[in-house]
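Scroll down for the structure; my scribbles are underneath it.
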Amino acid sequence: MKAICVRRTGGPEVLVLEDLPDPVPGTGQLIVRIYAAGVNPVDAYIRSAAQGRNPVLPYVPGMDGAGVVEAVGPGVSGVAAGDRVYLSGTAPAPLSGTYAERALCAAAHVHPLPAHLTYAQGAAVNVAYATAYRAIVDRARSQPGETMFVHGGSGGVGVAAIQVGRAMGLRVLATAGTARGRDLVVEQGAHQVFDHHAPDYLAAVLAATGGRGADVVIEMLANVNLDKDLGLLARNGRVVVVGNRGRVEIDARQTMGRDAAILGMTLMNATPEDRVRIHAALDAGLANGTLRPVVGREFPLAEAAAAHVAVMAGGAYGKIVLIT
């Protein structure tokens, strides 16, 4: 099979297209023919051994993908060859990532891909939507009727957060830095959108809440925005840090008067039981059309390096995917 293989950590240039042996399913495993693979910032952190992530080399990157079940090993039930699926991970083997024509998976990693969704949309589900769901439901414990502010709503997680929030009955405010991004945010269901490059946008967000503040803030770039977020919170408000690329200084007094909370999260901390629950909710939303993954850019598998540059550059409009 064709696959991207990383044999040394470093910049995007270490993502090399190679011919690797086709995987063979063992007991409890299956093979998925991958037609699209999702690209996430965490893939770049792992590739470069940043933020304490040191991969076992060599490895095939990728934890998001979609395709068709090609072969099923002994002991697998509930899924059969020919099923359209999206993936929430792959088997814990270095060469089983989704940046490849085939991936080795456990049965728990595959989920039904509705016929109305493309493979590229399926590749946009796992990290983005599971992260958004975990941030909004598990960490912030959001309740219907609350106001949620998505600080950066036009990327993969931002789009997912808007859709999940609307499905839960939240009032959703969001930002984007371009006219195209703001149009996308509105299309995905945000009640109001703001330009986070405008000098007065924080005052506009606060005014949109009647001066009360937001109950929940979903933060994509905490090193730039966290101190600003604290000034936007209502009493008992919660900021969930989804993304961060450096150190930040905050005024902790802003948390005190509001009884506010700053909550960190990573999808990697979700337990197997958490993932079953999260994907049960996501699968229902995908099936009924409440959740509609947005693909911003597609790259051929051979151009994985360019996709990694793009995912770290910001300004995404939905998810970046590789087409195999």
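The values are calculated or read from the model by the stated rules, or taken from the named source; none is laboratory data. Since the structure is predicted, the reported quantities are computational estimates derived from the model, not experimental observations. Cβ placement follows ideal geometry from the backbone for every residue including glycine, while neighbour counts extend to all protein chains displayed. With ligands, DNA and RNA removed, areas are computed over all heavy atoms of the protein, side chains included. Shrake-Rupley method; radii C 1.70, N 1.55, O 1.52, S 1.80 Å.
Screening Ala120, Ala106 for residues that are open to solvent by less than 50 Å² (accessible area, probe 1.4 Å), under 30 Å from Thr9 (Cα atoms), in contact with an Asp or Glu (Cβ under 7 Å, 6 or more places away or on another chain) and among the aliphatic types (A, V, I, L, M) leaves exactly one candidate, Ala120. Across the range 262-311, the qualifying residues are those that are in a helix (DSSP H, G or I), among the aliphatic types (A, V, I, L, M) and open to solvent by 60 Å² or more (accessible area, probe 1.4 Å), and the one among them that is nearest to Glu187 (Cα to Cα) is Ala287.
Would you check which residues across the range 18-30 are in a loop (DSSP other than H, G, I, E, B) and in contact with a Cys (Cβ under 7 Å, 6 or more places away or on another chain) and list them? Step through it out loud before you land on a result.
At the first step, the residues of the range 18-30 found to be in a loop (DSSP other than H, G, I, E, B) are 20-28.
If the condition is that a residue be in a loop (DSSP other than H, G, I, E, B) and in contact with a Cys (Cβ under 7 Å, 6 or more places away or on another chain), then Leu20 is the only one that fits.
A search for C-beta distances below 9 Å between a residue of the range 181-199 that is over 10 Å from Ile162 (Cβ atoms) and open to solvent by 30 Å² or more (accessible area, probe 1.4 Å) and any residue that is part of a helix (DSSP H, G or I) and of a type in the set (Lys, Arg), counting only pairs 6+ apart in sequence or on different chains, returns Asp195/Arg182.
With the requirement that a residue be part of a helix (DSSP H, G or I), out of contact with any helix residue (DSSP H, G or I) (no Cβ under 8 Å at 6 or more places or on another chain) and farther than 24 Å from Gly210 by Cβ, what does the range 174-198 give you? Walk me through it before giving the result.
Within the range 174-198, the first condition is being part of a helix (DSSP H, G or I), and the residues that meet it are 179-187.
Among the residues that remain, those that are also out of contact with any helix residue (DSSP H, G or I) (no Cβ under 8 Å at 6 or more places or on another chain) are: 179-183, 186-187.
Matches in the range 174-198: Ala179, Arg180, Gly181, Asp183, Glu187.
Tallying residues that are in a strand (DSSP E or B), buried (at least 20 other Cβ atoms within 10 Å of the Cβ) and among the β-branched types (Val, Ile, Thr) within the range 31-68 yields 4. Considering (1) part of a helix (DSSP H, G or I); (2) surrounded by fewer than 23 Cβ atoms within 10 Å (Cβ to Cβ), the lone condition that Pro92 does not fulfil carries the number (1).
Of all the residues in the range 69-89, those that are within 16 Å of Pro23 (Cα to Cα), open to solvent by 30 Å² or more (accessible area, probe 1.4 Å) and assigned to a loop (DSSP other than H, G, I, E, B) number 2.
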